[in-house]
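Derivation of every value follows stated rules applied to the coordinates shown; laboratory data play no part. Quick caveat: nothing in here was measured; it's all calculated off a predicted structure. Neighbour counts run over all protein chains shown; Cβ positions are idealised from the backbone, glycine included.
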Amino acid sequence: MKPNHHLDDSTLLAYAAGTLDEAFSVVAASHVAICPACREAVRAAEALGGELLEVAGSAAVSEDCRSRTFAALEQAGLYRLPVAQPRPAFPRALARLLPVASLDEIAWKKKAPGVAIFDVKLPASAKGQLKLLRIGAGRAMPEHGHGGEEITMVLKGAYVDHMGRFAAGDVADLDEDIEHRPVVDDSGECICLVATERPTRFKSFAARLMQPFVGI
């Protein structure tokens, strides 16, 4: 698996610093685990962060600041680069949040013809939402934008939009200015891991009417 679409530079920096919200951190960690280019970028960002800490080492730091920093680093450690081991059915960062061992065991909730969703439970304190989205072969999602940041990683299958073809391992790191209409390959269903900051903005009136029932 060699991804062709990668995380945005700002996302990589936030991930390396441990400041991504948990939903986005799970998707970022899942991609970094299989993407050599993004893994190297994270290492470079962490090295730069270490150099900056050394330069600032002589500055006085309050005990409160120190405590909050170490608390953030401890939380971020949940998503650091994984130690090599037998390949699981899911990326490690995602697998620890799922009650099943394979995609076949997911208790999907059908939301529309050819569309099903599984809500990934996050801690109550987490910001953002994390979902698994399954779309049938040949299906097209309505044209839409995003109410905030959104990162989507393809776990199975592929889809195409105006930005290119996104296959297993690829990520679409989008902001609220991007609008697109993903169309799934005819060869098979597409399953994605999606982290969102706010609900999707559908352009058509019919799609907006259905949104409360679809749940995205």
task: Mind computing the radius of gyration and Dmax over the alpha-carbon atoms of region 93-153? Å is fine for both.
output: 13.1, 37
task: Could you list which residues have their amide H under 5 Å from that of Gly114, counting only those 5 or more apart in sequence or on another chain, with H placed in the peptide plane?
output: none
query: Can you give the net charge of the other residues whose Cβ lies under 13 Å from the Cβ of Val184, counting K and R as +1 and D and E as -1?
result: +1
field: Ala126 paired with Val160, simple spin-label distance in nm, labels 7 Å along Cα-to-beta-carbon
entry: 3.4 nm
- request: Calculate, for Leu48 and Arg96, the FRET efficiency according to 1/(1 + (r/R0)^6) with r their C-beta to C-beta distance and R0 25 Å; round to the nearest 0.05.
  value: 0.30
field: Proximal charge balance of Ala126 [Cβ under 15 Å; K/R count +1, D/E count -1]
entry: 0
- request: Can you spot the lysines whose alpha carbon is less than 27 Å from Lys2's alpha carbon? Ignore those fewer than 8 places along the same chain.
  value: Lys131, Lys156
